[in-house]
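The values are calculated or read from the model by the stated rules, or taken from the named source; none is laboratory data. Bear in mind that the values here come from a model prediction, so they are computed numbers and not experimental data. Virtual Cβ from ideal backbone geometry, glycine too; neighbours counted across all protein chains shown.
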Amino acid sequence: MRNTWKGSGFRVLSLKADRMRSRTRKPTALLDQDSLYEYAVKMLGQQMRTVAELKRLMRRRVEAGEAGEATMNMVVARLTARRYLNDASYAQDYAKLRQENASFGKRRVQQDLIRKGVQAAVIGKTLDAAYENVDEEELARRHLERKRVKKPANEKEAARVMRMLMRAGFSSGVIFRILKKWDVAVEVIDELDSDEGREG
């Protein structure tokens, strides 16, 4: 009896999966400039976005090619004129939040902003200002406290701390200073340094 139930259950699931696969996804409706503007405002209302991020969302809503690109550019110009969209302001707010809330180092914030499509000149200017008076060693210590990381007891734990701090955007110089103050053996730090050099 149990085998029959399993078999029929499998057939029902199989039929449902076939039906789901056979359904074709409705094509996304293309928008004119005014409708695209309203869509963009709605997307910005949900969360802050860069010009590049917003364009990625809008691209699915306009025709392909130059005409679609022109429509997106006009919408971006309108949003920028109304100060709804500003990559420099976005970068400043993002850097401040990531520094204060996640205790991320300069490199991590830089990588994030590059991924979000912010221009290199804007990123450079923003991060120079945001990290000008920041003690990165102190920031790295705050990051470790947030993650509840304790003093490493062996080489494996020291390597884990090093990887965590590198992912958080801190330089090897800052990381090695922290490890030294934790009395991690010089030989272990030298080994980690040579490993990092080989990987780089």
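At-a-glance table
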{"read-out": "Filter result (of a type in the set (K, R), out of contact with any Ser or Thr (no Cβ under 7 Å at 6 or more places or on another chain) and more than 16 Å from F176 (Cβ to Cβ)) within segment 131-163", "value": "K147, R148, K150, K156"}
{"read-out": "Residue match in segment 69-82 (condition: in a loop (DSSP other than H, G, I, E, B) and under 30 Å from A140 (Cα atoms))", "value": "no"}
{"read-out": "Test: residue in segment 130-145 that is modelled with pLDDT under 95, in contact with a Phe, Trp or Tyr (Cβ under 6 Å, 6 or more places away or on another chain) and either outside any helix (DSSP H, G or I) or of a type in the set (A, V, I, L, M, F, W, C) (or both)", "value": "no"}
{"read-out": "Which numbered condition R83 fails, given (1) free of Cβ contacts under 8 Å to residues at least 60 places away in the same chain; (2) on the phi < 0 side of the Ramachandran plot", "value": "(2)"}
{"read-out": "Selected residue (criterion: farthest from the chain's Cα centre (by Cα)) from residues of segment 75-108 that are farther than 24 Å from K55 by Cβ and surrounded by fewer than 13 Cβ atoms within 10 Å (Cβ to Cβ)", "value": "E100"}
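Each row is one residue, and each column tells you yes or no for (1) modelled with pLDDT of 95 or more; (2) farther than 30 Å from A129 by Cα; (3) in the same structural domain as V122 (by TED's automatic domain parsing).
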site	(1), (2), (3)
S8	no, yes, no
T28	no, yes, no
A52	yes, no, no
E63	no, yes, no
V76	yes, no, no
Q92	yes, no, yes
E100	no, no, yes
